[in-house]
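Here the structure is laid out as structure tokens; the discussion comes afterwards.
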There are 4 protein chains.
Amino acid sequence: MGNIKVTIWNEYRHEKKNEQIGKLYPKGMHGAIAEGLEKAKGFSITTATLDEPEHGLSQKVVDSTDVMLWWGHTAHKEVKDEIVERVKKRVLEGMGLIVLHSGHFSKIFRALMGTNCSLKWREAAEKERLWNLEPSHPITQGLGEYFELPHVEMYGERFDIPTPDKLIFVSWFQGGEVFRSGCTWDRGHGRVFYFRPGHETFPIFYDDNIRLVLANACRWAAPRIIKVDACPNTKPLEPLPEHK
Amino acid sequence: MGNIKVTIWNEYRHEKKNEQIGKLYPKGMHGAIAEGLEKAKGFSITTATLDEPEHGLSQKVVDSTDVMLWWGHTAHKEVKDEIVERVKKRVLEGMGLIVLHSGHFSKIFRALMGTNCSLKWREAAEKERLWNLEPSHPITQGLGEYFELPHVEMYGERFDIPTPDKLIFVSWFQGGEVFRSGCTWDRGHGRVFYFRPGHETFPIFYDDNIRLVLANACRWAAPRIIKVDACPNTKPLEPLPEHK
Amino acid sequence: MGNIKVTIWNEYRHEKKNEQIGKLYPKGMHGAIAEGLEKAKGFSITTATLDEPEHGLSQKVVDSTDVMLWWGHTAHKEVKDEIVERVKKRVLEGMGLIVLHSGHFSKIFRALMGTNCSLKWREAAEKERLWNLEPSHPITQGLGEYFELPHVEMYGERFDIPTPDKLIFVSWFQGGEVFRSGCTWDRGHGRVFYFRPGHETFPIFYDDNIRLVLANACRWAAPRIIKVDACPNTKPLEPLPEHK
Amino acid sequence: MGNIKVTIWNEYRHEKKNEQIGKLYPKGMHGAIAEGLEKAKGFSITTATLDEPEHGLSQKVVDSTDVMLWWGHTAHKEVKDEIVERVKKRVLEGMGLIVLHSGHFSKIFRALMGTNCSLKWREAAEKERLWNLEPSHPITQGLGEYFELPHVEMYGERFDIPTPDKLIFVSWFQGGEVFRSGCTWDRGHGRVFYFRPGHETFPIFYDDNIRLVLANACRWAAPRIIKVDACPNTKPLEPLPEHK
């Protein structure tokens, strides 16, 4: 089997506009994520960002992607509807999609969920502990019972999502909230994974556990088939009486 | 408890354009559905159709609806996006939505599901037998183990939908196909029921079992709460150490 | 509609053996639960305990119960298999079952789940905050976004249960854990609700929020139908060719 | 990666008692299933039958099994409870289990489901068409949209099972029924697949599509981890105030 073709999409605005964030992620968050996947082996990695033509997501790029990761925050509205539609069509045909952190409000995630995807939030650099509810799931292979992130933005319930097919992680926050931090859904022939951590002001994407989860998730979300949608008029398989 | 406020939305084109369909449904399919609900008692019924201003779905109408039924077919694209958004917002706030037959391809159903909602189909006036998989579900109260419709349009699997929260009916078709004909999903605070039967050229909406299911479904889908979406910045509930 | 017939089953050993617990629950935990339901109105309440003949669960009692609550801890093994089988049969026929706290290890809960139902635990009188994930669910009507219990035994993930049909509450614990504290499953024609709080050394069953949840849950779990199991040999509904 | 260790368990009574069945399956149904898996490659296959000591399922055999297949019919009651418990424990620790046809009433399947697992049935050698609802699922790789079996025993809904995690196949029967013929559930760390076809009087286990499904299912159900159950008393991860 060849490498899994991963496209990491990043809004890539914070890193260019905010000096501190730029120092933390000199190659962009997409660069840090790419670095983690490269170390994990088995991936052919492309990156794409908002300000490129077609947001870096030409038909050709999308059609040759097995798994897409999506990070967006301040510019969800600037993502063109036709590109969102292109990505969505590809997910329903079988591409995997991994939505990160503030991507909960991205057009693509909301379009696939059908809900508001709203939540509670707080920026107080508090501690998060992610509990692993599914130690046998491919996404958690190699992880322990939990892992911690010392400083994060908090996301709290109620997270307005459809009941996940599988709830993988639940987070405990120092300030008193909980969150369904790792959730999977099938949509069409594609697999979707939402993963909560990943704020731009913290070095989340350099964390070893985060990188392990993302590499696992890319393998889990790789297409089993790619199948174009159809709504065919079909002949009967059994003899039918005539009806006038 | 007062009556459940039901709004029956119908595209209402077939009945006006096609003489035979017009004879079958002289008051429109919405009229036949309304008649069934009236007999069932407990509902305050409004109807709305595509060619009315705002498709009959003004903010006021939508805001005062507990449960909406949706029948569309040839003119899905003519439904304005802003009206779809208005209905979707209300579903996520708690309104019930019952999507009928060819409404599987309506903008509102696809927006709530996040998938293509495609299927196989055939117009051969064949027999359908709907098996009741959940005799304890509120939607099937009063039904037997199955019921039959002598002449229907066939819909066959694979139906491209997210895994239903509850699969209520599975259909057997004379021509050899099967279909998940009754499915429920929660979306936001609202309940969604897709119900397969209801083709414009057959007297489906005069059928007693169909009317029983629709009345049951309207009761089941009535709002438990109405809650406006929010994504609040919240204060910690536990003391947090200072972080510089 | 008449009252919902509730049978509260309690092991009733701690209260008799331990003086402090006896003072906290002079009428047993079942007595405190019964008191809460009586205030809520609409219930006809019976109690039953381990040391009664047939554990207080004669065929007649079980057959006339709409919803059973179950509290057990130290004596799960003393519950006779035939009584467990009797209760399970009735759940599958349509009776509601509400399993409380340490009842996670009861024979009846494990038999209905098919899993170990194990978890992490700690007795340190810490704070618990239960987050309400489903404000539109009948079980949470009248509750706010969360409620707190000042001193509880901790239960932590991974809770070895099948994926719940609906996850209602997730708990935050002061000591750093999380837990799926309110879960629902359908089994046969009956509804099952597991509710985490309820330790014998704390006044949990006098708490107003707990009592609200239990009354709501009893209403939600009341039978929609009662249907005896069968596995019938059935005649074909369509003509079949002869086969030699 | 080494071979997947498969143990095929068969009641193995029909084949010995009934001459015609014995001719159809001279090596037992387990032999025919084994033959199919051998052709598929990648499996180390063991068989075990009811009348062997410990039903062929010694602790050693069970502990070295990755995936178990289970066919039983007339002698479910003769399977010892302690062996059922041994197999169940292993499933919850991570072993895969594939339950075939009349195994729906086996002790092991009912213990893992928590329900009656009853259904309708008829022996009329009618046609079955299995519709593939999940073409992207590992279990259906290589299959088309449907496949047919010319002569089968019919199983019809309502099948008394918990809502499947994933519904893979729905069957159409010539006599007018439908059935959820391929269903998956996670239980503990193990995966369970129920697959309907497989009657003793028909050459089902020689069918190429059946063999493809069984080989796929064995790969899908292979353990990701093996983890012994525990219910540990755990220390807090965060400082707790003292409570007297």
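List of remarks:
- Note on A:109-117: average number of Cβ atoms from other chains within 10 Å of each residue's Cβ is 6.
- Listed residues D:HIS151, D:CYS231, D:CYS117: farthest to the positive end of the dipole of the stretch D:114-244 (Cβ charges): D:CYS231
- Put simply, chains B and A cover up around 3500 Å² of each other's accessible surface, both sides summed, when a 1.4 Å probe is used.
- Centre separation in Å (Cα based) which lies between the stretch A:37-108 and the stretch C:1-79: 55
- Test item: Cα-centred dipole of the protein assembly as shown, Lys/Arg +1 and Asp/Glu -1 on Cβ, debye: 0
- Debye-sum result for the stretch D:54-138 in log10 I(q)/I(0), which assumes one identical scatterer on each alpha carbon, at q = 0.11, 0.18, 0.21, 0.26 Å⁻¹: -0.38, -0.88, -1.07, -1.37
- Residues in the stretch D:206-244 occluded by at least 40 Å² - accessible area, probe radius 1.4 Å, against chain by itself: D:ARG224, D:ILE225, D:ASP229, D:CYS231, D:PRO232, D:ASN233, D:THR234, D:LEU237, D:GLU238, D:LEU240, D:HIS243
- Label point at A:GLN20 placed 7 Å out along Cα→Cβ; residues across the stretch B:210-244 whose backbone nitrogen lies under 18 Å: B:241-244
- Taking all pairs of distinct alpha-carbon atoms in chain C, Kirkwood radius in angstrom: 18.6
- Shortest-first distances to equivalent copies, position A:GLU35, nm, label 7 Å out along Cβ: 5.9, 6.2, 7.2
- Relative to the other identical copies, C:THR234 shows label-point distances of 2.3, 4.6, 4.7 nm, where the label point lies 7 Å from Cα along the Cβ direction and values run shortest first.
- For the stretch D:137-244, alpha-carbon Rg and Dmax in angstrom: 20.6, 73
- Of all DSSP-defined beta bridges confined to the protein assembly as shown, some 55% are antiparallel rather than parallel.
- Scaling against 2.2 N^0.38 Å puts the C-alpha radius of gyration of the stretch A:1-128 at 1.06.
- The charge dipole of chain C, taken about its Cα centre with unit charges on the Cβ atoms of Lys, Arg (+1), Asp and Glu (-1) only, comes to about 380 debye.
- With a Förster radius of 25 Å applied to the C-beta separation of B:ASN233 and C:GLU148, the computed FRET efficiency comes to 0.75.
- Minimum Cβ-to-axis distance in chain C for the rotation onto chain D, with residue, whole Å: C:GLY114, 2
- Anisotropy class of the protein assembly as shown from Cα gyration tensor, a/c 1.5 cut: rounded
- Percent accessible area from carbon and sulfur atoms, chain B, protein chains only, probe 1.4 Å: 51
- Stretching B:THR74 away from B:THR201 to a fully extended chain increases their span by 44.4 nm, per 0.36 nm per residue minus the current alpha-carbon distance.
- Comparing Cα centroids, the stretch B:188-244 and the stretch B:110-138 end up 18 angstrom apart.
- Residues whose amide H lies under 5 Å from that of A:TYR146, counting only those 5 or more places away or on a different chain, are A:ASN132; hydrogens are built 1.01 Å from N in the peptide plane.
- Charge sum, other residues only, whose C-beta stays under 13 Å from C:LEU92's C-beta, Lys/Arg counted +1 and Asp/Glu -1: +4
- Other protein chain C-beta atoms within 10 Å of residue C-beta, averaged over C:180-187: 3.
- Average other protein chain Cβ within 10 Å of Cβ, residues C:162-172: 6
- Solvent-accessible heavy-atom area per residue, rounded to whole Å², over the stretch D:81-182 at 1.4 Å: 22
- Position B:ALA75, label points 7 Å along Cα→Cβ, spacing to each other copy in nm (shortest first, one decimal): 4.1, 6.9, 7.1
- Directionally averaged shadow of the stretch C:79-122, computed from the convex hull of its alpha-carbon atoms, nm²: 3.4
- Ranked by the mean number of other Cβ atoms within 10 Å per residue, highest first, peptides D:203-210, D:221-228 order as D:203-210, D:221-228.
The values are calculated or read from the model by the stated rules, or taken from the named source; none is laboratory data. No experiment lies behind these values; they were computed from the predicted model shown. Neighbour counts are summed over all protein chains in view; Cβ atoms, including those assigned to glycine, are modelled from backbone coordinates with ideal geometry. Just so you know, the surface numbers come from the protein's heavy atoms only, side chains and all, with ligands and any DNA or RNA stripped out. Shrake-Rupley method; radii C 1.70, N 1.55, O 1.52, S 1.80 Å.
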